[in-house]
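Notes to accompany the following structure.
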Amino acid sequence: MTDSSGAQSIVTVSSTTKTVGDVIDAINLATGGTVTAQLSRSGDGIELVDQAAGAGTLSVAEISGKTATELKLFGSGVVGGDGKQVIDGRRVLTIDVLATDTVNGVIAKLNSQGGRVRGAAVNTGSLVSPVKLGFNATFSGSRGDFVVEDPNNVLGVEDAAVGKDAVLRVGNTNSNAYFLTSPTNNFNNVVTAVDVSIKAVGSSPTSVTISRNNASISQVVSDFVTGFNSVLTTVGTLTAFNTATNTRAILQGEAAALRIQTSLSTIANYRNSGATGDIRSLGDLGITVTTGGQLEIDSTKLNDALTASPDSVVAFFTTDKTGLGKQLEALTKSLTDSIDGSLTTTTKSLESTATTLTGQIGRIDTRLGLRRQRLTLQFSKLETILNTLQSQGNALTSFTEQLKNSK
């Protein structure tokens with residue numbers, strides 16, 4: 001917040017700020033009197049009054065969050081009737097309606113205010129003036145309840161629907177029943193981890209049975225096995241050696257790939273010594289290692305374990321530090337960490353080698369180019385010498401012939 005003298009104040013609104021009065025006190029404490037916070041004249045918002053009497057502009061900005069915007073205090077002040085700058089956060093929407101305004105024109109003016117009430121044209125189907133002006137809250141439930149003041153019923157306003165919260169009674173007796181409210185038809189955490197969506201008004205209690213969904217847990221375990229086998233198959237393909245054709249796959253003998261195979265084998269045979277209960281290995285869940293290190297599920301044994309010891313199954317995967325999930329997380333990090341993961345360092349090493357080889361190839365190409373130039377120059381000079389020798393030979397031959405003829 002900046003007053004007209006340029007002095008700035010920071011107002012912190014935290015979880016301990018519960019009421020409008022708390023916000024007003026926080027502002028007055030932070031500004032030290034250079035800006036006064038008080039209830040607006042309409043009584044439905046906060047009003048900021050500049051007391052610094054400076055040449056600048058009273059303004060409110062946000063460092064984080066949207067509190068100032070929600071309180072309608074974000075922005076710059078305007079000069080009031082007493083000559084002081086004011087930022088009025090009242091929630092009353094005021095629009096000027098002219099005699100020439102149409103229904104759509106009034107709606108546009110109302111909606112441009114950005115308030116919690118919006119206008120809409122409603123076609124009643126009447127033969128006389130079928131289009132009426134309707135008002136809708138932008139919030140559902142009791143939070144969206146609003147009042148249209150029309151003492152003389154000039155507008156002829158009628159309530160189409162009143163904003164109310166949905167009410168859900170939980171419990172079948174008066175002694176243990178309690179009520180929950182929601183601005184929507186959705187209720188979260190009615191009981192631990194259970195959300196409820198209501199569809200209609202009920203006339204009698206509805207019983208809800210909450211049970212463990214073993215099918216979804218079984219599917220998660222099945223997905224884990226499928227993913228495990230897929231990775232193992234991919235690594236095996238990339239590191240294979242074909243004895244028939246005497247050819248090797250691209251990663252055959254690569255240390256990083258071999259480490260993945262070894263690590264997966266460790267995971268497949270892992271025993272969680274820190275787990276509680278009787279589930280301590282994949283074998284206890286009906287998951288066994290088959291040919292090539294692949295995993296296979298015994299669905300019957302898995303379902304029996306989920307039914308008899310569901311908490312032990314969860315503990316096997318989630319126990320802090322020793323759970324299989326933690327082991328997989330540590331393995332993944334050791335392989336893919338952007339700084340020192342083994343795959344990362346291998347990739348960087350290969351990239352460095354490729355860069356070095358590219359440089360060497362470039363230097364060899366340069367030397368070959370220079371060698372080619374020298375050989376071309378030597379060839380050209382040899383051609384010149386050869387031509388000269390041929391000319392001299394021809395001259396000697398001609399001279400010899402002349403000597404013979406002169407005898």
If you count, for each residue, the other Cβ atoms within 10 Å and average over each peptide, how do 319-331, 39-51 line up from highest to lowest? 39-51, 319-331
Compare the Cα positions of Gly253, Thr276, Ala308 along the charge dipole of segment 247-317 (+1 at Cβ of Lys, Arg; -1 at Cβ of Asp, Glu; about the Cα centre) and return the one farthest towards the positive end. Gly253
Partner aspartates and glutamates whose C-alpha sits under 13 Å from that of Lys109, ignoring same-chain residues fewer than 8 away, are Asp96, Asp101
Rg/Rh of segment 20-88 (Cα atoms, Kirkwood Rh), to two decimals, equals 0.93
When the Karplus curve 6.51 cos²θ - 1.76 cosθ + 1.60 is applied with θ = phi - 60°, which whole-Hz ³J(HN,Hα) does each residue of segment 47-53 get, with x for Gly and Pro? 10, 9, 10, 6, 10, 7, 6
Which label in [x] 1.97; [y] 1.57; [z] 1.03 gives the computed Cα Rg over 2.2 N^0.38 Å: [x]
Would you mind putting 261-271, 339-349 in packing order, based on average other-beta-carbon counts within 10 Å, highest first? 261-271, 339-349
Among Ser398, Leu382, Thr358, the residue whose Cα sits farthest towards the positive end of the charge dipole of segment 352-407 (+1 at Cβ of Lys and Arg, -1 at Cβ of Asp and Glu, taken about the Cα centre) is Thr358
For segment 214-336, what D do you get in µm² per second when you plug the Kirkwood radius from alpha-carbon pairs into Stokes-Einstein at 37 °C and 0.692 mPa s? 211 µm²/s
Read phi for every residue in segment 186-191 and hand back ³J(HN,Hα) as whole Hz from Karplus 6.51 cos²θ - 1.76 cosθ + 1.60, θ = phi - 60°, with x for Gly and Pro. 10, 10, 9, 6, 4, 10
Rounded, prolate or oblate (a/c below 1.5 giving rounded, otherwise prolate when a/b exceeds b/c) for segment 165-210 by Cα gyration tensor: rounded
On a C-alpha basis, how far is the centre of segment 6-37 from the centre of segment 234-282 in Å? Whole number, if you could? 62 Å
Tilt relative to the chain, helix 214-238 - C-alpha long axis, 0 to 90 degrees, to 10: 20 degrees
Given the candidates Thr102, Val86, Ser64, the one whose Cα lies deepest towards the positive end of the charge dipole of segment 1-119, counting +1 at each Lys or Arg C-beta and -1 at each Asp or Glu C-beta, is Thr102
So, with +1 on the Cβ of K and R and -1 on the Cβ of D and E, and no other charges, what is the size of the charge dipole of the chain about its Cα centre, to the nearest 20 debye? 2260 debye
HN-Hα J couplings of segment 285-301 from phi, Karplus 6.51/-1.76/1.60, θ = phi - 60°, integer Hz, Gly and Pro as x? 9, x, 10, 10, 8, 10, 4, x, x, 5, 9, 9, 9, 9, 4, 5, 5
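Here, each number is a calculation from the coordinates, and none is a lab measurement. Nothing here was measured: the structure is a model prediction, and the numbers come from that model. In this analysis, Cβ positions are derived from the backbone assuming ideal geometry, glycine residues included, and neighbour counts consider all displayed protein chains.
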